[in-house]
Amino acid sequence: IRFWSNIPFLTVPLSRAHGKSFAHRSELKHAKRIVVKLGSAVVTRGDECGLALGRLASIVEQVSMLQNQGREMMIVTSGAVAFGKQRLRHEILLSQSVRQALHSGQSQLKDMAIPVLEARACAAAGQSGLMALYEAMFTQYSICAAQILVTNLDFHDEQKRRNLNGTLHELLRMNIVPIINTNDAVVPPPEPNSDLQGVNVISVKDNDSLAARLAVEMKTDLLIVLSDVEGLFDSPPGSDDAKLIDIFYPGDQQSVTFGTKSRVGMGGMEAKVKAALWALQGGTSVVIANGTHPKISGHVITDIVEGKKVGTFFSEVKPAGPTVEQQAEMARSGGRTLAALQPEQRAEIIYHLADLLTDQREEILLANKKDLEEAENKGRLALPLLKRLSLSTSKLNSLAIGLRQIAASSQDSVGRVIRRTRIAKALDLEQVTVPIGVLLVIFESRPDCLPQVSALAIASGNGLLLKGGKEAAHSNQILHHLTQEALSIHGVRDAVQLVNTREEVEDLCRLDKLIDLIIPRGSSQLVRNIQKAAKGIPVMGHSEGICHVYVDTDASVEKVTRIIRDSKCEYPAACNALETLLIHRDLLRTPLFDQIIDMLRVEQVKIHAGPKFASYLTFSPSEVKSLRTEYGDLQCCIEVVDSVQEAVEHIHKYGSSHTDVIITENEQTAEFFLQHVDSACVFWNASTRFSDGYRFGLGAEVGISTSRIHARGPVGIEGLLTTKWLLRGDNHVVSDFSEHGSMKYLHESLPLPQRNTN
């Protein structure tokens, strides 16, 4: 028997055989029976007198939602003392005000002293009101709640223990939410606590242990402990270098320094950790999280159950490799070392990687074959995605060529001086290019993306985190291994990291202190999800690739079908494929129009008619549901416009600012289109498929950006750089430049150093 907080704990509870807790956060969604422990700091207001009704209502809403999903919810709550204190203070003030008004006059009401309120009396006065509040809140969700008050004696007596266990099981069987609290009205007096201004809130430390005890005895799957801190830190929160621990393992206590307890309650983080580890040993998973933060408290419980990275998760299964946070730190450290290398050394790494892609061709294709077979057997990928997943000898050769282009163009990327200014005599300012920092690139079904992005990160001196789709796991593994092998020739192996843990994309997007830029490569839905989930981290990319081709009245018959076929049919799943074909009205019912339709039919392209196009036809194809559709397949929309001006307006209204094309022999019309269409890439008489880093001569791209800040269009090395300012002086101070100072500003532009063009 072990004793914590005066409550005896049997190492192996009688009512439960030793079970297995969940190994990963992602498994928490399978939790059936859940205990939510609410600390005093969560339940009470900041003045410790009365309840935080908004937070409490939000917690009840989340518990009700989970209960209505078929889960069995239990609450271990504090708050009776705080609620009772509020009621007793009100009664005392009311009685004192009446007496003093009769005997001393109104002038002395302001000086009334509130007597010290004994905690057990506060608990007795507050328990009924607290339960009534819970009942009223749960009733709004058609859920019944029941109160259970316990004391230490209930755990000493075996019969009482069994009765308590039976009562809880019966309540859960009837779909009732048990609300458990220590009976603070009859417990022994606690140690005085000066922080509470005369009121001793006594139940928090006991409730930590109580929650763990109940969770294990009731064979609970998950215990959620809500406090006023984000979780467990490796040192007291608020101290320098304090880091939130994502996953805590038994035996890690030595690496943690515990601070003081929360503003209310008798417990502290050390008590919570002890209780959590005991529950974990009994087979119950535990998460300690913040239940007071206004931005997350409204969904903290449901987020935890959904497996999101919230608070500290206690796990008995320690992964073999580093955590994603450790990988990000390794990437940052490796990236800084990489940026400090000579340009020739970075280029040498990329050349070596290009050689490995061809030398290790058989191993790469064998790994890719495994991915393809698994995807086909499971039937989870559409044909266009299978095509993206597939690697071939020609693809690897093209990759190697692109990497060598990157290596050749990277000689003068990092540290290039782009501006020099003489501020004053012997005070020179330079603006130079530097890496952005740590990049997170998330990509789907595109293993060829890994070496491309890695080469661009190496060339620009950035650390890199890669998160690939599980459908390409074997291919990504070997390509990452080859990338690290190339990096090893100059001792920067850790600069590129492949995330293999079960981290959800949404969780990665919250690492704002570790990641500087997120670059999604995948479906429009993936990009939108990442843009929505990113918290404080800029996202470079485009959510959709709705590319247009406008066929003008002066278009060449020979060029039209070639350009349209290439734009739509060469690779329909690409983001730079044609999705909407705009036809000038005068071309309807002409031989050119018939040729376009015949070609699309031969290529088996399904046509959707825009509203205006449909109005010209007696028997039209299916009318398009939306003119803002990215098909990603052998489908496209055809719409009619009356002029180039209307074509531009249509593109601005329904396009995604990606890539848009005009086909015409009229130079004036073409220039109008080129100058007025506000997209990242605007072409004249050329396929939309040219919108690509490799075809632009960038070697490769990390993606195509439709953003208007920093980088736009295909993003190569230049888009992965930012700048910093270097000022070289000689005992200069600003006061010397004042009205009566000895120095004057010159602000002279200086010539830039000669660039290496070899």
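The values are calculated or read from the model by the stated rules, or taken from the named source; none is laboratory data. Because the structure is predicted, anything quoted here is derived from the model rather than measured. Note that we place each Cβ from the backbone using ideal geometry, even for glycine, and neighbour counts take in every protein chain shown. These area figures cover heavy atoms from the full protein model, side chains too; ligands, DNA and RNA do not enter into them. Shrake-Rupley method; radii C 1.70, N 1.55, O 1.52, S 1.80 Å.
Open to solvent by less than 50 Å² (accessible area, probe 1.4 Å), in contact (Cβ under 8 Å) with a residue 40 or more places away in the chain, in the same structural domain as Leu578 (by the TED database) and over 33 Å from the mean Cα position of the chain (by Cα): is that true of Phe683 in this structure?
No; evaluated as a whole, the condition is false for this residue.
Residue check: is Val496 more than 21 Å from Gly321 (Cβ to Cβ) and surrounded by 18 or more Cβ atoms within 10 Å (Cβ to Cβ)?
no
Go through segment 315-338 and give me each residue that's under 21 Å from the mean Cα position of the chain (by Cα), modelled with pLDDT of 90 or more and not small (Gly, Ala, Ser).
Answer for segment 315-338, where residues must be under 21 Å from the mean Cα position of the chain (by Cα), modelled with pLDDT of 90 or more and not small (Gly, Ala, Ser): Gln327, Glu329, Met330, Arg332.
Residues Leu450, Leu439, Leu479, Leu487: which one is part of a strand (DSSP E or B), open to solvent by less than 10 Å² (accessible area, probe 1.4 Å) and at pLDDT 90 or above?
Leu439
Among the residues in segment 380-392, are any under 32 Å from the mean Cα position of the chain (by Cα), open to solvent by less than 20 Å² (accessible area, probe 1.4 Å) and either closer than 14 Å to Ile478 by Cα or assigned by the TED database to the domain that holds Glu570 (or both)?
Yes, because at least one residue in segment 380-392 is under 32 Å from the mean Cα position of the chain (by Cα), open to solvent by less than 20 Å² (accessible area, probe 1.4 Å) and either closer than 14 Å to Ile478 by Cα or assigned by the TED database to the domain that holds Glu570 (or both).
Hey, which of the helices (runs of 4 or more DSSP H) in segment 313-430, taking only ones fully inside, have at least 1 residues that are under 30 Å from His732 (Cα atoms) and aliphatic (A, V, I, L, M)?
Here the list reads 324-340.
Could you tell me how many of the residues in segment 610-643 are modelled with pLDDT of 90 or more and among the aromatic types (Phe, Trp, Tyr)?
Total satisfying the criteria: 2.
Wholly within segment 644-758, which strands (runs of 3 or more DSSP E) include no fewer than the required count, namely at least 3 residues that are at pLDDT 90 or above?
659-663, 681-684, 721-728
Identify the residue in segment 326-373 that is free of Cβ contacts under 8 Å to residues at least 60 places away in the same chain and basic (Lys, Arg) and, among all such residues, is nearest to Leu511 (Cα to Cα).
Checking each candidate, the answer is Lys369.
Within segment 626-638, is there a residue that is open to solvent by less than 20 Å² (accessible area, probe 1.4 Å) and farther than 30 Å from Leu381 by Cβ?
no
Among the residues of segment 282-325, how many are surrounded by 19 or more Cβ atoms within 10 Å (Cβ to Cβ), under 15 Å from Ser227 (Cβ atoms) and not hydrophobic (A, V, I, L, M, F, W, C)?
Qualifying residue count, segment 282-325: 6.
Name every residue in segment 39-55 that is surrounded by 24 or more Cβ atoms within 10 Å (Cβ to Cβ) and either over 29 Å from the mean Cα position of the chain (by Cα) or closer than 23 Å to Met218 by Cβ (or both), in order of residue number.
Across segment 39-55, the qualifying residues are Gly39, Ser40, Val42, Val43, Thr44.
For residues that are closer than 21 Å to Ser128 by Cβ, open to solvent by 10 Å² or more (accessible area, probe 1.4 Å) and of a type outside the set (Gly, Ala, Ser), tally how many sit in segment 56-84.
1
Lys295 passes all but one of (1) without any contact (Cβ under 8 Å) to a residue 60 or more places away in the chain; (2) part of a helix (DSSP H, G or I); (3) over 20 Å from Lys467 (Cα atoms); which number fails?
Tallying (1) without any contact (Cβ under 8 Å) to a residue 60 or more places away in the chain; (2) part of a helix (DSSP H, G or I); (3) over 20 Å from Lys467 (Cα atoms), Lys295 fails exactly one: (2).
Could you tell me whether segment 87-102 includes any residue that is modelled with pLDDT of 85 or more, of a type in the set (Ser, Thr, Tyr) and not in a loop (DSSP other than H, G, I, E, B)?
no
Only one residue in Ala555, Ala573, Ala534 is open to solvent by less than 70 Å² (accessible area, probe 1.4 Å) and closer than 22 Å to Leu383 by Cα. Which one?
Ala573 is the lone residue from the list that is open to solvent by less than 70 Å² (accessible area, probe 1.4 Å) and closer than 22 Å to Leu383 by Cα.
Which residue out of Ser488, Ser460 is among the hydroxyl-bearing types (Ser, Thr, Tyr) and without any contact (Cβ under 8 Å) to a residue 60 or more places away in the chain?
Sole residue among the options that is among the hydroxyl-bearing types (Ser, Thr, Tyr) and without any contact (Cβ under 8 Å) to a residue 60 or more places away in the chain: Ser488.
Need the failing condition index for Gln342 against (1) within 22 Å of the chain's Cα centre (by Cα); (2) open to solvent by 50 Å² or more (accessible area, probe 1.4 Å); (3) not basic (Lys, Arg), just the number.
Going through (1) within 22 Å of the chain's Cα centre (by Cα); (2) open to solvent by 50 Å² or more (accessible area, probe 1.4 Å); (3) not basic (Lys, Arg) one by one, Gln342 breaks only (1).
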